[in-house]
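Enquirer: I have a structure I would like to understand better, so I am pasting it below and will then ask my questions one at a time.
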Amino acid sequence: VRELGVAIIGGGFMGQAHSLAYAVAPISAELGATVRRAVLVDNDPAVAESAAARLGWDEWATDWREVIGRDDIDIVDICTPPQLHEEIALAAIAAGKHVFCEKPITNLSAEARVMVDAAREAGVVTQVGFNYRHTPAVAFARRLLDEGRLGVPLQFRGTYLQETGFYNTDPNRWRARKSTGGSGASGDIGSHVVDVSEYLLGDIVRVSALLRSKAAGADSGWRDDGERVGEDLIDDGGAWICEFASGAIGTFAASSYASGRKNRLFFELDASRGAVEFDWNSREEFRVSYVDEDSDHRGFRTVHTNTEHPDGWWRLAGLGMGYVEVSAIQFQKFVRAIVQGDDAMRPTFVHALHVQQVMDAVAESARTGSWVDVPRSEQA
Ligand code: SOE
């Protein structure tokens, strides 16, 4: 059995999530390869040493440049702030490594474009950490659409809400400004729900958006939006409407100032033969209503996902699928793509480029007040 060595760049929150997922992924499914957690890299030596020891990595290092070209490394996994993604990814691709990159792929679609072209030329496998689409209930919605059981999509309404803005208030943190790599609520969490929508409905082709930053102070509302742009601030909340290439329409909201919402990725999808609801906070529940029901049975039913559903792990429904399981599913797909060339259902750099083009259009529309067209993806 082939062994794939991983170098992970970044020992923070995502470094931890990926480490747990790498440990679980190869022992919970037949992948045709084992995964060796070879080197954890963080520019802070104390973080690198302690994270590597705790999370089961063979070695630690502080300079990714000294690591990514090594012969025993097959996969470079980038968990750094987004403004570093392009440089690290291009170096890894040049060294012939497969690249897993956290989202957003970068904050600029022009950089993402370069990454896509480089990866294609080198023939390496890529994937981006749009993890929520791998939830069995979300993948089941996609299967029902593919099989025609939901009919034609009409309308998607998606939100991703957190309350982190109330508590992460240090104005000097890198996430606070665009120029230091912040993606805003739109790019950081809104991009996840855009990925889910495109996974289910295909390309978004135009958007109209509002983005806002919150002023400091409990009783303050949004700033004037010119201040957000002029002062290089990230957005803390936004809303946008869109049209999909299929003619379906969509509405989206993302906010870091949504009290009580810890990590609420939610969507509703209306289609010609039925409708689906999904809430990450009840992620095992697939809620579906079919048009063609006896009149005394019309309404939503709740199906608890299990091994009958795509990527389900437990035959007994109700045991629960958590953040680590869903993260492990994404690495199972990534490893299968490397070993078997199986490309199905994965958010590659190509998909992530299109999500970034949507996010760039959202930002431009918020600035100009106009509808902005989004180029068609290379999948289309
Ligand atoms: C933001 O708070 C964040 O950590 C995102 O960056 C992740 O992508 C999301 O999955 C959880 O929330």
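The values are calculated or read from the model by the stated rules, or taken from the named source; none is laboratory data. Predicted, not measured: the structure shown is a model, and the values here were computed from it. Don't worry about glycine lacking a Cβ; one is built from the backbone with ideal geometry, like all the others, and counts go over all protein chains shown. With ligands, DNA and RNA removed, areas are computed over all heavy atoms of the protein, side chains included. Shrake-Rupley method; radii C 1.70, N 1.55, O 1.52, S 1.80 Å.
Enquirer: Restricting to segment 160-218, count the residues that are under 29 Å from ARG376 (Cα atoms) and among the small types (Gly, Ala, Ser).
Expert: Total satisfying the criteria: 14.
Enquirer: May I pose another question? Given the conditions (1) more than 26 Å from GLN356 (Cβ to Cβ); (2) touching a Ser or Thr at 6+ places or on another chain (Cβ under 8 Å); (3) buried (at least 18 other Cβ atoms within 10 Å of the Cβ), and given that ALA61 satisfies all but one, which numbered condition is not satisfied?
Expert: Only one criterion is unmet by ALA61, namely (2).
Enquirer: Among the numbered criteria (1) out of contact with any Asp or Glu (no Cβ under 7 Å at 6 or more places or on another chain); (2) farther than 30 Å from PRO26 by Cβ; (3) within 16 Å of the ligand (Cβ to nearest atom), which single criterion is violated by ASP292?
Expert: Unmet condition: (3).
Enquirer: I need the full set of residues from segment 103-144 which are outside any helix (DSSP H, G or I) and in contact with a strand residue (DSSP E or B) (Cβ under 6 Å, 6 or more places away or on another chain), in order please.
Expert: LYS103, ILE105, VAL124, VAL125, THR126, GLN127, VAL128
Enquirer: What number of residues in segment 289-303 are open to solvent by 70 Å² or more (accessible area, probe 1.4 Å) and in a loop (DSSP other than H, G, I, E, B)?
Expert: Going through segment 289-303 one residue at a time, the tally reaches 5.
Enquirer: Still on this structure, I have one more. Being free of Cβ contacts under 8 Å to residues at least 12 places away in the same chain, among the acidic types (Asp, Glu) and surrounded by fewer than 20 Cβ atoms within 10 Å (Cβ to Cβ) narrows it down to one residue among ASP373, ASP342; which is it?
Expert: Answer to the selection: ASP342.
Enquirer: Another question about this same structure. Quick check on LEU84: is it open to solvent by 50 Å² or more (accessible area, probe 1.4 Å), farther than 30 Å from THR305 by Cβ and within 16 Å of the ligand (Cβ to nearest atom)?
Expert: For LEU84, the condition - open to solvent by 50 Å² or more (accessible area, probe 1.4 Å), farther than 30 Å from THR305 by Cβ and within 16 Å of the ligand (Cβ to nearest atom) - is met.
Enquirer: While we're here: When the residues of segment 1-24 are filtered to those that are touching a residue at least 40 places away in the same chain (Cβ under 8 Å) and more than 18 Å from the chain's Cα centre (by Cα), which remaining residue is farthest from the ligand (Cβ to nearest atom)?
Expert: In this case the residue turns out to be ARG2.
Enquirer: Can you tell me which residues in segment 158-208 are open to solvent by less than 40 Å² (accessible area, probe 1.4 Å) and in contact with a Cys (Cβ under 9 Å, 6 or more places away or on another chain)?
Expert: VAL194, SER197, ILE204, VAL205, VAL207, SER208
Enquirer: Something else about it: Any chance you could count how many residues in segment 56-81 are part of a helix (DSSP H, G or I) and at pLDDT below 95?
Expert: 0
Enquirer: Quick check on my filter: what residues within segment 27-47 are under 30 Å from LYS178 (Cβ atoms) and surrounded by fewer than 23 Cβ atoms within 10 Å (Cβ to Cβ)?
Expert: ASN43, ASP44, PRO45, ALA46, VAL47
Enquirer: What residue, among those in segment 254-274 that are surrounded by fewer than 20 Cβ atoms within 10 Å (Cβ to Cβ) and in a strand (DSSP E or B), is nearest to the ligand (Cβ to nearest atom)?
Expert: Filtering first and then ranking leaves ARG264.
Enquirer: State the number of residues belonging to segment 275-288 that are surrounded by fewer than 21 Cβ atoms within 10 Å (Cβ to Cβ) and within 12 Å of the ligand (Cβ to nearest atom).
Expert: Residues flagged as surrounded by fewer than 21 Cβ atoms within 10 Å (Cβ to Cβ) and within 12 Å of the ligand (Cβ to nearest atom) within segment 275-288 amount to 0.
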